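Notes follow the structure.
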C-alpha cells in the first residue's frame, strides 16, 4: 500500500472507503454536489491544498462538473488530476447506474486504482510520505509541485512539472502525432484515451495536462506507435 502525503479528493463516502483499501492517505469527500454550497468544506479543501492535492472524480458528467469546481477554488499549480477509466457497469449497492453508464470510483477494481497511484508516484515521487525531507533540511522546497504550473480550465493550459526521467510532452508533440489540428484529431485522441483509460472527449489542453502527469515524451512516443502503428495496423487518419 502506498503512503501518500497529499490529500486525495473524491466525491462520496463509498469512494473514500474503496480508496482507503488501496492507499494510506488523507481522503476528503465533496459529498457529491454538496460541495457547491458548503463553505466550510471548501475552506477546508483550500487549507489542505497548501502543498498540493490529488483530484480523483468519477469519469462522467457529474465528475467533470465537480472537478471543474474544485479547480476553480484551488490554485492550479497545486493540482494533480487523476482519471479513472471509463468502464461500463453499475455498483452493486445501486438500483440504477449513472447516466453515462460507467462505474464510479467506488466500483473500480482495487488493482486498477492501485496502478493509477503507482504510476503517479513513479512519475512524481514527491507525493509520497517521507519524500522531500532532505530538501527541507537544506532550506529548499519540500514539494516539487510548488514549481508546477498546471491549469486545465477551458483552453488555457500550461504544465511545467519536472519529469524525473523524461522531458515533458508538448503541444507540438500532439500535433505531430495527429492528435490536434487535423480533421480526425478528436477521434484519434479518443482512441488513445480509451487505451490509457482516460475519459473520452477530452480537449487537447486537458489531454496534454493529463498525459504529462503520468508520462514523459519517450513514453508518449511509444504509446503512439502502439495505438497508431506506422505499418498501417490502424486506419489512416
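The rows are residues; the columns are (1) over 20 Å from residue 79 (Cβ atoms); (2) surrounded by 18 or more Cβ atoms within 10 Å (Cβ to Cβ).
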| residue | (1), (2) |
| --- | --- |
| 179 | yes, yes |
| 182 | yes, no |
| 198 | no, yes |
| 208 | no, yes |
| 211 | no, yes |
| 215 | no, yes |
| 218 | yes, no |
| 221 | yes, no |
Please find, within the range 63-82, the residue that is nearest to the chain's Cα centre (by Cα) out of those that are more than 20 Å from residue 5 (Cα to Cα) and free of Cβ contacts under 8 Å to residues at least 40 places away in the same chain. 67
Among 100, 121, 153, the single one that is modelled with pLDDT of 90 or more and touching a helix residue (DSSP H, G or I) at 6+ places or on another chain (Cβ under 9 Å) is 121
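Condition check ((1) at positive phi; (2) in contact with a strand residue (DSSP E or B) (Cβ under 8 Å, 6 or more places away or on another chain); (3) in a loop (DSSP other than H, G, I, E, B); (4) buried (at least 19 other Cβ atoms within 10 Å of the Cβ)) across all residues:
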| site | (1), (2), (3), (4) |
| --- | --- |
| 6 | no, yes, yes, yes |
| 9 | no, yes, no, yes |
| 14 | no, no, no, no |
| 42 | no, no, no, no |
| 80 | no, yes, no, yes |
| 91 | no, no, yes, no |
| 96 | no, no, yes, no |
| 116 | no, yes, no, yes |
Among the numbered criteria (1) modelled with pLDDT of 50 or more; (2) assigned by TED's automatic domain parsing to the domain that holds residue 75; (3) surrounded by 14 or more Cβ atoms within 10 Å (Cβ to Cβ), which one does residue 129 miss? (3)
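The values are calculated or read from the model by the stated rules, or taken from the named source; none is laboratory data. What you see is a predicted model, and the numbers here were worked out from it, not measured in a lab. Don't worry about glycine lacking a Cβ; one is built from the backbone with ideal geometry, like all the others, and counts go over all protein chains shown.
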